[in-house]
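Okay, structure first, notes after.
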Amino acid sequence: GENVEQHPSTLSVQEGDSAVIKCTYSDSASNYFPWYKQELGKRPQLIIDIRSNVGEKKDQRIAVTLNKTAKHFSLHITETQPEDSAVYFCAASPNNAGNMLTFGGGTRLMVKP
Amino acid sequence: KAGVTQTPRYLIKTRGQQVTLSCSPISGHRSVSWYQQTPGQGLQFLFEYFSETQRNKGNFPGRFSGRQFSNSRSEMNVSTLELGDSALYLCASSTRTGGNSPLHFGNGTRLTVT
């Protein structure tokens, strides 16, 4: 089955700096890669996703890049703000697995004012 | 639209008991997935239901089961509870299955087994 590894497990940045979270996956059949943000005590919320036919996707301060050859994808947050502080999860899913997502272990991002 | 609704929010059970958790998806969503979240194992897929049929199942013992009703509401059941079943159980709904459609999570049911 799919295995997703996520690094780093914790990340501390100064407000206004950029943050990068990296994930690798094992199943070459995976073709959907969402990112979720989970604030303390709240539900995971989808912040951005990318499909395998696209190498990069941006949404305001958030961008995701995908390298299918190397089987890794990354989340980039620019101009970080204190409200970006949360746990971020990457995930991967093959096309034939319905809505089954395999999640990475999570990254706790702390943005210091 | 109302979001995904899970009930109850909190549950405390004793080892050996069974428990049923409920999930109401977003209106119009026909796929419901269940995930277990623990500090040690992270987010793990339990199963997915679509049109009252189990679509996929994760690597959990048979004590974990689920079902979906004709109105897309879903329930999951855990029998013979163990201490290790203590977790946040998250339900997520989507408009379709396959095609990698975005999942919308509920706030979860926190189960504590003593």
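The values are calculated or read from the model by the stated rules, or taken from the named source; none is laboratory data. Source: prediction; values computed, not measured. Every residue, glycine among them, receives a Cβ derived from its backbone with ideal geometry; neighbour counts consider all protein chains shown.
With respect to residue A:101, is the statement that it is in contact (Cβ under 8 Å) with a residue 24 or more places away in the chain, aliphatic (A, V, I, L, M) and within 9 Å of chain B (Cβ to nearest Cβ) true? Against the criterion (in contact (Cβ under 8 Å) with a residue 24 or more places away in the chain, aliphatic (A, V, I, L, M) and within 9 Å of chain B (Cβ to nearest Cβ)), residue A:101 qualifies.
Kindly establish whether residue B:51 is within 14 Å of chain A (Cβ to nearest Cβ), over 15 Å from residue A:93 (Cα atoms) and either out of contact with any helix residue (DSSP H, G or I) (no Cβ under 6 Å at 6 or more places or on another chain) or of a type outside the set (Asp, Glu) (or both). The answer is yes for residue B:51.
Being buried (at least 16 other Cβ atoms within 10 Å of the Cβ) and more than 13 Å from the chain's Cα centre (by Cα) narrows it down to one residue among A:85, A:74, A:18, A:26; which is it?
Every option except A:85 fails the conditions.
Could you tell me whether residue B:49 is under 25 Å from residue A:1 (Cα atoms) and touching a residue at least 24 places away in the same chain (Cβ under 8 Å)? So residue B:49 passes the test. So how many residues does the stretch B:59-86 have that are in a strand (DSSP E or B) and within 14 Å of another protein chain (Cβ to nearest Cβ)? Qualifying residue count for the region: 3.
Select from the stretch B:98-114 the residues that are under 16 Å from the mean Cα position of the chain (by Cα) and at the interface with chain A (Cβ under 8 Å from one of its Cβ atoms) and list them in ascending order. Those that are under 16 Å from the mean Cα position of the chain (by Cα) and at the interface with chain A (Cβ under 8 Å from one of its Cβ atoms): B:103, B:104, B:105, B:106, B:107, B:108. For the stretch A:71-87, the tally of residues that are away from chain B (no Cβ under 12 Å) and in a strand (DSSP E or B) stands at 7.
Just one of (1) touching a strand residue (DSSP E or B) at 6+ places or on another chain (Cβ under 6 Å); (2) under 23 Å from residue A:42 (Cα atoms) fails for residue B:27. It is (1). Residue count for the stretch B:28-48 under the criterion of being away from chain A (no Cβ under 14 Å) and at pLDDT 95 or above: the result is 0.
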